[in-house]
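I have placed the structure first, in the form of structure tokens, so that the comments after it can refer back to it.
The values are calculated or read from the model by the stated rules, or taken from the named source; none is laboratory data. None of the values given here were measured: they were computed from a predicted structure. Here the Cβ positions follow ideal geometry from the backbone for every residue, glycine too, while neighbour counts run over all protein chains shown. Quick note on the areas: whole protein, heavy atoms, side chains included, nothing else; ligands and nucleic acids left out. Shrake-Rupley method; radii C 1.70, N 1.55, O 1.52, S 1.80 Å.
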Amino acid sequence: GVNPRPDDIIIVTAYKSGTTWMQQIISELFFHGKAKPASAADMSHWVDLRVPPIEVIGPVIEGQSWRRFLRTHLPADAFEPYFNKSAKYIYGGRDGRDAFMSMINHWEKAADVWYASMNESPGRVGPAMPNYAEAGSVPEIFDRWLLEGWPSLPNESDGYPMWSLFHNNASWWEKGQANSNIMFVHFNDLKADLQGEMLRIARFIEVEVDEELLPDLVKACTFEEMKKNADTVAPMNGLLWKGGGNDFIFKGTNHRWKGVLSDEQVAAYEEKASRVLPPKCAKWLVVSYDWPRGIWKFGNYEEMFLHQDLSSDLKREMDGNTLGSPAAMDLLKKLRPPFWFSANLHVKFPALVPHGDGTFTRFLALDRCKGRREFLQVLDIDPSSPSCMRSLPQVRQGTRWPRPTPGPPLCFDLEWLALQKVNHQNMDFAWKPEKAKIAPPSKDDIAWVKQRLEEKVGGVPRPAPPKRHPSLLPTKLRE
């Protein structure tokens with residue numbers, strides 16, 4: 001077996017959610033430019049895999065003299081007997097549709113030795129892994145993945161031909177709410193800000209980062225560098241795939257499901273995710289930063305083509321009418337909000353969407369927060385406009401606040417305001433997140449904020465339950 005150590009790090013994912021990427025990141029942070037005893041894949045073992053058996057791999061893991069970083073793909077309930085309260089756990093999450101497409105590549109490119117290790121090794125439970133060539137089209141496989149579990153896992157209703165990504169996500173999310181030694185890292189955040197996420201991970205695992213070495217550490221963890229060294233980075237040096245490591249370190253991109261899955265399949269995925277995942281987990285994993293489908297038609301989209309790193313992908317998605325979320329556009333048309341703010345493409349793009357009745361939705365997406373990029377814009381929103389929330393809460397006589405006009409109340413988030421109070425000294429333009437110590441607010445801080453609001457505005461208005469459009473209600477409530 002494997003005896004736990006108090007400084008162990010366990011990398012956890014369902015599958016195809018950045019496992020190998022995280023192994024590379026931890027390896028670079030640990031060895032900090034020094035020679036490594038082996039590749040990240042050879043140092044970071046999948047402890048619950050039956051190939052090779054624990055009798056073989058156990059002594060290898062026990063013999064590691066460096067701080068260990070192991071991996072598992074078990075859900076938290078199955079992993080519970082082995083949970084080490086002193087260890088650090090890093091859970092990698094990814095939108096299930098992206099994980100599914102990456103799994104398709106993993107399965108399609110698998111070599112005979114991969115099938116042999118899965119199907120012919122001792123200890124197999126359940127039927128053999130089916131051959132990809134006999135599985136049907138990608139949309140057909142997606143339907144089974146979304147609605148069919150593996151026969152040997154009777155409590156799971158999705159995940160074919162693997163295990164349930166939803167159950168894995170949900171179980172670790174719930175485990176993380178009760179255990180501070182579990183950190184969540186999203187695949188999209190690694191893509192958007194690799195350096196920032198590496199520094200966040202370093203703080204969590206308590207590793208000091210040399211600022212002079214940081215650019216080289218980050219470079220070693222980029223997709224381009226890992227692709228150059230694919231046979232070294234991939235498990236078993238890429239032996240398990242027909243094209244070696246290059247088939248395993250494939251594209252590292254998201255949204256490849258667009259144009260492959262139908263709108264109905266996308267909607268079915270989003271409905272299931274929102275139903276079976278804890279709400280905050282679903283928001284973290286699933287809530288899309290996508291633009292509404294077709295929003296580009298209402299602005300000067302040609303300017304976006306000036307961004308060389310975006311132009312080819314943008315043109316392809318525009319031509320195929322796959323740029324953006326149809327559900328988001330449907331929501332925009334139903335609710336007709338005066339403003340809609342978005343992100344995702346890391347490019348500034350304003351648009352004006354008419355609704356045919358004299359009203360408009362002003363859409364705005366901003367660039368990523370980097371030098372020489374358009375990441376900030378100040379908007380003047382007239383609070384007296386009928387299209388905006390235009391009232392202040394009722395106030396006591398004698399204050400300098402104006403008497404409000406009828407309308408929705410302005411509400412406050414006590415916890416967020418208390419967080420701002422406690423960390424006020426860090427809120428300046430010279431703040432460096434990697435050096436800051438973010439302190440959570442105490443009950444006394446929250447009480448202080450509440451008292452100040454009582455003094456200033458006569459109370460702490462809370463939002464009433466929102467009135468939902470009938471078409472957005474669950475089917476049973478509509479009926």
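Out of all the residues in the stretch 141-155, is one or more over 21 Å from PHE69 (Cβ atoms), modelled with pLDDT under 95 and among the aromatic types (Phe, Trp, Tyr)?
Yes, some residue in the stretch 141-155 is over 21 Å from PHE69 (Cβ atoms), modelled with pLDDT under 95 and among the aromatic types (Phe, Trp, Tyr).
Output the residue which, of all residues in the stretch 415-449 that are more than 24 Å from MET198 (Cβ to Cβ) and touching a Leu at 6+ places or on another chain (Cβ under 6 Å), is modelled with the lowest pLDDT.
That would be PRO441.
Within the stretch 85-118, track down each residue that is open to solvent by 10 Å² or more (accessible area, probe 1.4 Å) and in contact with an Asp or Glu (Cβ under 6 Å, 6 or more places away or on another chain).
Matches in the stretch 85-118: LYS109 only.
VAL125 fails exactly one of the following numbered conditions: (1) within 30 Å of ALA178 (Cβ to Cβ); (2) outside any strand (DSSP E or B); (3) open to solvent by less than 40 Å² (accessible area, probe 1.4 Å). What is the number of that condition?
Result: VAL125 fails condition (3) only.
Looking at LYS228 and the list (1) closer than 29 Å to ASP7 by Cα; (2) over 21 Å from the mean Cα position of the chain (by Cα); (3) basic (Lys, Arg), which single condition is not satisfied?
It fails just one condition, (1).
Identify all residues within the stretch 9-52 that are part of a loop (DSSP other than H, G, I, E, B), in contact (Cβ under 8 Å) with a residue 60 or more places away in the chain and farther than 20 Å from ASN84 by Cα; write none if there are none.
Matches in the stretch 9-52: TYR15, LYS16, SER17, GLY18, HIS32, GLY33, SER39, ARG50, VAL51.
Given (1) open to solvent by 40 Å² or more (accessible area, probe 1.4 Å); (2) at pLDDT 95 or above; (3) not hydrophobic (A, V, I, L, M, F, W, C), where does LYS34 come up short, assuming only one miss?
(2)
Which pairs do you get when a residue that is within 14 Å of LYS280 (Cβ to Cβ), found in the stretch 164-178, comes within reach of a residue that is part of a helix (DSSP H, G or I) and modelled with pLDDT of 95 or more, reach meaning Cβ atoms under 6 angstrom, with the pair 6+ apart or on two chains?
Taking only residues 6 or more apart or on different chains, the pairs are TRP172/ALA76; LYS175/ALA76.
What are the pairs with Cβ atoms under 6 angstrom where one residue, in the stretch 257-283, is farther than 18 Å from GLY176 by Cα and the other, located anywhere, is in a loop (DSSP other than H, G, I, E, B) and at pLDDT below 85? Sequence gap at least six, or different chains.
What qualifies is LYS258/THR322; GLY259/GLY320; GLY259/THR322; ALA273/VAL286.
I'd like to verify a number: residues in the stretch 72-121 that are among the β-branched types (Val, Ile, Thr) and within 24 Å of ILE10 (Cβ to Cβ), how many?
Number satisfying all stated conditions: 2.
Hey, does the stretch 239-258 have a residue that's of a type outside the set (Gly, Ala, Ser), part of a helix (DSSP H, G or I) and out of contact with any Lys or Arg (no Cβ under 9 Å at 6 or more places or on another chain)?
Scanning the stretch 239-258, I find no residue that is of a type outside the set (Gly, Ala, Ser), part of a helix (DSSP H, G or I) and out of contact with any Lys or Arg (no Cβ under 9 Å at 6 or more places or on another chain), so the answer is no.
Against the definition (open to solvent by less than 20 Å² (accessible area, probe 1.4 Å) and hydroxyl-bearing (Ser, Thr, Tyr)), how does SER152 come out, yes or no?
In short, no.
Return the pairs, sorted by first residue and then second, in which the second residue is assigned to a helix (DSSP H, G or I), the first residue lies in the stretch 108-126 and is more than 18 Å from ASN246 (Cα to Cα), the beta carbons are less than 8 Å apart, and the residues are 6+ apart or on different chains.
Qualifying pairs under 8 Å: ARG124/MET118.
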